[in-house]
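Undergrad: First the structure, then my questions, so here it is.
Each value in this text was obtained by applying a stated rule to the coordinates, not by laboratory testing. None of these values were measured; they are calculated from a predicted model. Methodologically, a virtual Cβ is constructed for each residue, glycine included, from the backbone with ideal geometry; neighbour enumeration extends over all protein chains shown.
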Amino acid sequence: GAGVSQSPSNKVTEKGKDVELRCDPISGHTALYWYRQSLGQGLEFLIYFQGNSAPDKSGLPSDRFSAERTGGSVSTLTIQRTQQEDSAVYLCASSLGLVSSYNEQFFGPGTRLTVL
Amino acid sequence: AQSVTQLDSQVPVFEEAPVELRCNYSSPVSVYLFWYVQYPNQGLQLLLKYLSGSTLVKGINGFEAEFNKSQTSFHLRKPSVHISDTAEYFCAVSKYNFNKFYFGSGTKLNVKP
């Protein structure tokens with residue numbers, strides 16, 4: 001596709017359930033980033049991938065959060081045993097390589113997660 | 001860890017008036033600076049960035065920002081705003097390796113006719 005896509009666009013779940021959020025980056029983009037935007041707050045960096053590798057997972061809020069990327073393309077962010085504080089908009093971005101003078105981050109529309 | 005402060009959560013301004021959106025960051029060492037804009041119901045778009053060179057950076061839609069290392073600031077300015085500039089603006093900082101980005105909490109610019 002022409003841009004970064006994310007699915008679902010909205011997800012409502014019950015506390016304690018697991019959820020999977022999907023990100024399809026722009027074709028050919030090797031770097032992929034996940035962010036979380038809670039109500040009234042800025043974007044919180046979660047994790048980035050260079051290819052299929054995630055060198056730094058320290059931004060993930062807890063061990064209930066995990067992410068993977070296969071084939072250097074699609075990425076899935078999984079939240080286990082969801083809590084109400086996980087409610088937020090989860091944004092994905094991709095770039096041709098790591099962001100530099102030439103490489104820009106392109107953002108997807110986000111997935112709005114609501115945990116009841 | 002780096003932190004980014006956008007002191008103004010909302011900025012109301014009349015059309016054709018000048019505007020400045022403030023951004024301060026915590027650590028002056030080897031950072032790169034960005035402004036992103038999010039129009040209603042749209043995703044984030046890059047407005048401008050400072051990586052090196054001239055401290056005055058020009059971006060899209062007539063916006064510019066000035067990197068001030070001594071004040072650890074990167075304020076966004078536009079001499080004359082339009083209704084179409086109504087959006088939320090985010091300042092972001094990344095360290096030299098671009099592996100992590102730190103975003104401010106955003107400033108909602110509301111341009112009134």
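Undergrad: Using the basic label-point model (7 angstrom from Cα toward the beta carbon), what is the B:SER80 to B:GLU64 distance in nanometres?
TA: 1.5
Undergrad: May I pose another question? Amide H of B:SER26: which non-local residues (sequence gap of 5 or more, or other chain) have their own amide H closer than 5 Å, using H built in the peptide plane?
TA: B:SER3
Undergrad: When the Karplus curve 6.51 cos²θ - 1.76 cosθ + 1.60 is applied with θ = phi - 60°, which whole-Hz ³J(HN,Hα) does each residue of the stretch A:13-30 get, with x for Gly and Pro?
TA: Whole-Hz 3J(HN,Hα) from phi for the stretch A:13-30: 9, 8, 3, x, 7, 8, 9, 10, 10, 10, 10, 10, x, 5, 4, x, 7, 8.
Undergrad: Need one value for B:84-94: mean number of C-beta atoms belonging to other chains within 10 Å of its residues' C-beta atoms.
TA: On the way: counts 0, 0, 0, 0, 0, 0, 3, 1, 4, 0, 4.
Mean partner shielding for this stretch: 1.
Undergrad: Now a separate question. With labels modelled as points extended 7 Å from the Cα through the Cβ direction, what inter-label distance (nm, one decimal) is found for A:THR78 paired with A:ARG22?
TA: So the two model labels end up 1.5 nm from each other.
Undergrad: Skipping prolines and chain starts, which residues have an amide H placed within reach, meaning under 5 Å, of the one on A:SER87, given they are 5 or more residues away or on another chain?
TA: A:VAL115
Undergrad: If amide hydrogens are placed 1.01 Å from N in the peptide plane, which non-local residues have theirs closer than 5 Å to the one on A:HIS29?
TA: So A:HIS29 has HN proximity to no qualifying residue.
Undergrad: Let me ask you something else. Quick one: 3J(HN,Hα) in Hz for the stretch B:50-67, Karplus 6.51/-1.76/1.60 with θ = phi - 60°, rounded, Gly and Pro as x.
TA: 10, 10, 5, x, 4, 6, 9, 10, 9, x, 7, 6, x, 7, 8, 9, 10, 7
Undergrad: Which order, highest average first, do A:44-51, B:73-80 follow once you tally other Cβ atoms within 10 Å for each residue and take the mean per peptide?
TA: Values: A:44-51: 20.1, B:73-80: 18.2.
My ranking of the peptides, most packed first, is A:44-51, B:73-80.
Undergrad: Okay, next question. Which whole-Hz couplings ³J(HN,Hα) result when phi for each residue of the stretch A:71-86 is put into the Karplus expression 6.51 cos²θ - 1.76 cosθ + 1.60, θ = phi - 60°, listed in order with x for Gly and Pro?
TA: Whole-Hz 3J(HN,Hα) from phi for the stretch A:71-86: x, x, 10, 4, 10, 10, 9, 10, 10, 9, 6, 4, 10, 4, 6, 7.
Undergrad: Oh, and also: What shape does chain B have by the C-alpha gyration tensor, where a ≥ b ≥ c are the square roots of the eigenvalues, rounded means a/c under 1.5, and otherwise prolate means a/b greater than b/c and oblate the rest? List each step's numbers first, then the result.
TA: Details: a/c = 1.88, a/b = 1.65, b/c = 1.14.
It comes out prolate by the Cα gyration axes.
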